[in-house]
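Asker: I have a structure here, written as structure tokens, and I will follow up with some questions on it.
The values are calculated or read from the model by the stated rules, or taken from the named source; none is laboratory data. Note that the structure is predicted; figures quoted are calculated from it, not measured. As a convention, Cβ positions derive from the backbone with ideal geometry for all residues, glycine included, and neighbour counts pool all protein chains shown. Heads up: the accessible areas ignore ligands, DNA and RNA and are worked out on the full protein's heavy atoms, side chains in. Shrake-Rupley method; radii C 1.70, N 1.55, O 1.52, S 1.80 Å.
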Amino acid sequence: MSTIKSLDELKKIREQSLKKMELRTVGAEKDSIKILIGMATCGIAAGARDTLSGILDEIDKQNLDNVYVVQVGCMGYCYAEPVVQVNMPGKEPIVYGNIDAKKGREIINKHIQKGELLEDLIISKSFHRV
Ligand code: FES
């Protein structure tokens, strides 16, 4: 995980993330794939910012225009932060735990692209969508 050395650096990272998020949320449609990332204090402390960056980078790299990323607050899984929920149209939501940037990219490459679940990383399935 990288270290933020100044307030300006933090603001710059925030602006970059918000810009990418805007690109990912504008025009979100009912049949799109949604990725929710827990960004409560516990998530950020565990590295959710890096997870978010890795996921956004991978989505951009693969030019996936039907995948939307949403930053959410407390998801109730402090013990497993950073937490990422994947909502695929017509399928049960899947919640993954302890997701760093590398695992986030893996979620994009396997779950989103090929429909393969990353079984070892799942902490919850079959519940009401957030
Ligand atoms: S405060 Fe950590 S998940 Fe709610």
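Asker: Between Asp60 and Glu9, 0.36 nm times their residue separation minus their Cα-Cα distance comes to what?
Answerer: Working: separation 51, 0.36 × 51 = 18.36 nm, distance 2.23 nm.
So the extension gain works out to 16.1 nm.
Asker: Can you give me the distance in nm between label points at Val72 and Asp31, each placed 7 Å from the Cα along the Cα-to-Cβ direction?
Answerer: 2.3
Asker: Taking 7 Å along the Cα-to-C-beta vector as the label spot, tell me the Asp100-Leu118 distance in nanometres, rounded to one decimal.
Answerer: Here the modelled spin labels are 1.2 nm apart.
Asker: Compute the accessible area per residue over segment 29-124, keeping the other protein chains in place, probe 1.4 Å, unit Å². Before the final figure, lay out each step's value.
Answerer: Numbers: 4470 Å² over 96 residues.
Value for segment 29-124: 47 Å² per residue.
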